[in-house]
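Read the structure below first, then the notes.
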Amino acid sequence: MASVSIVMATYNGARYIGAQLESLRAQTLTPMELIVADDGSSDETLDIVRDFAASAPFDVRIKQNETRLGYGENFLSATKLCRGDYVAFCDQDDEWLPEKLKTCIDEMERHNAVLCVHAASLIDGESQEIGTFDQGISQFELRPSLSLPPWDVYFGLTQVFRRYLLDLIPSERRGLDNHAVGSPLSHDRWAHFLGDSFGSTVALPARLVRYRQHGKNAYGGLRKGLLLRLRGKLVASAEIMEMHHTIAAHRAALLREVESAAEDVSIRSHAHAAALYWDRLARLYADRDRIYRAPRLGERLSTFRRLQAERAYAGETGLGRNVLVKDFLIGVCRLPVDAITPKDAHTATTAAPAPPAR
């Protein structure tokens, strides 16, 4: 039977952590272990965890950081302690449905997938449902490798993945995040990258977690309205293109190292294909950088047409039609953004957070 390690990152989570721990106790597939990585809590968080550990039906281990690591590094440092076949990230303030682990593991084993993601419900501080966090998942999907959007992410609280992925590349070498500029890649974006590079992903529309929204969320499920999100997508610069080029080239280099070192034929094959994929993305962003930097209209237009001819804006690259329009209007034509979107759109909806501008 498959074994599952749950990794929970904590920091001053005493208000809600008890409910989350009880939802882990209620799992229909009992996990092998819970690893709690605490980032310097000064409230009763660890007392609550220790009380829970005394009666938990699985092993509970506590890792206390000597210095603050931040949420992403805290998660990834704790994964090094995992002994299970699978890893599930767990926030301190949500509530899991009893069938979360069993559903995800059953589907992954049925389809030989390396990553499972799912939808969630949104709840408020009093555990009342306030919306849906579907992450764009409307039906069951089995996504082949290299078919997930390269710059987006399925949030960590909705991820379960095969543990061996973490052994392929040390997390210390994961590079920078394209969303939190200048910061190391987040734990869930790292798992997203590894999963998409080395196997298929199962996406489930079932809402298997109650994702709590409150004032201390690191990231929430509420997002800006359509016009503000469109405006964010349209704001771009050569620096953004250069950043994406650098990240893509770095990932390609990491994958080539895996290809050279791996003894497993399947891993070598996946690493080779993924390296080519990220090499191509690096070249596309180098060309997009030229569009935004070139002083002459003719050079900008010829580069844009070459990208079109190479299907750079096709869905498999993660760019798409919106990015095509942005590159043409803002990059080629140098049309001011203020001429395209109003500045005073303020609505909010209960949906997935918008991806960063590309």
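A few notes on this one:
- Per residue accessible area of the chain, 1.4 Å probe, in Å²: 44
- Using a 4.7 Å Cβ-Cβ cutoff, the cysteines of the chain lacking any partner cysteine are CYS82, CYS90, CYS333.
- Principal-axis tilt of helix 265-293 within the chain, Cα atoms, nearest 10 degrees: 50
- Residue-wise HN-Hα coupling along segment 313-323, computed from phi with Karplus coefficients 6.51, -1.76, 1.60 (Hz; x: Gly, Pro): 9, 6, x, 5, 8, x, 8, x, 5, 4, 6
- By average C-beta atoms within 10 angstrom, highest first, the peptides 300-309, 102-111, 184-193: 184-193, 102-111, 300-309
- Heavy-atom SASA rank of SER23, SER183 (probe 1.4 Å, accessible area, largest first): SER183, SER23
- Cβ-based net charge around ARG162, under 12 Å, with every Lys or Arg adding one and every Asp or Glu removing one: -2
- Residues with amide H under 5 Å from that of GLN135, placed H, sequence gap 5 or more: ALA352
- As a fraction of the 1.4 Å probe accessible area of segment 132-223, surface on carbon and sulfur atoms comes out at 52 percent.
- Rounded Å value of the spacing that divides the Cα centres of segment 301-336 and segment 248-285: 25
- Of [x] 21.2, 71; [y] 19.9, 62; [z] 21.0, 64, the label for Rg and Dmax of the Cα atoms in Å derived from the coordinates: [x]
- In this structure, the amide hydrogen of GLN159, modeled 1.01 Å from its nitrogen in the peptide plane, lies closer than 5 angstrom to those of PHE89, counting only residues at least 5 positions away or on a different chain.
- Computed over neighbours whose Cβ is under 11 Å from that of VAL7, the net charge equals +2, Lys and Arg +1, Asp and Glu -1.
- Summing charges over neighbours of TYR292, with a neighbour being any other residue whose Cβ is under 11 Å away from its Cβ, gives +1 when K and R count +1 and D and E count -1.
- Using a probe radius of 1.4 angstrom, the carbon and sulfur fraction of the accessible surface of segment 1-85 is 49%.
- Inter-label distance for ARG268 and GLU242, nm, one decimal - labels placed 7 Å from Cα along Cα-to-Cβ: 3.9
- When THR201, THR132 are compared by accessible surface with a 1.4 Å probe, the order from highest to lowest is THR132, THR201.
- Listed pairs LYS100/LYS326; LYS63/LYS100; LYS80/LYS102 exceeding 32 Å between Cα atoms: LYS100/LYS326
- By the helix-only formula, in which each DSSP H run with n ≥ 4 contributes -39500 (n - 2.57) and the sum is divided by residues, the chain has a 222 nm mean residue ellipticity of -12000 deg cm²/dmol.
The values are calculated or read from the model by the stated rules, or taken from the named source; none is laboratory data. From a predicted model like this one, the values you see are computed outputs, not experimental measurements. We place every Cβ from the backbone using ideal geometry, glycine too, and count neighbours over all the protein chains shown. Note: accessible area is taken over every heavy atom of the protein model, side chains too, but ligands, DNA and RNA are not part of it. Shrake-Rupley method; radii C 1.70, N 1.55, O 1.52, S 1.80 Å.
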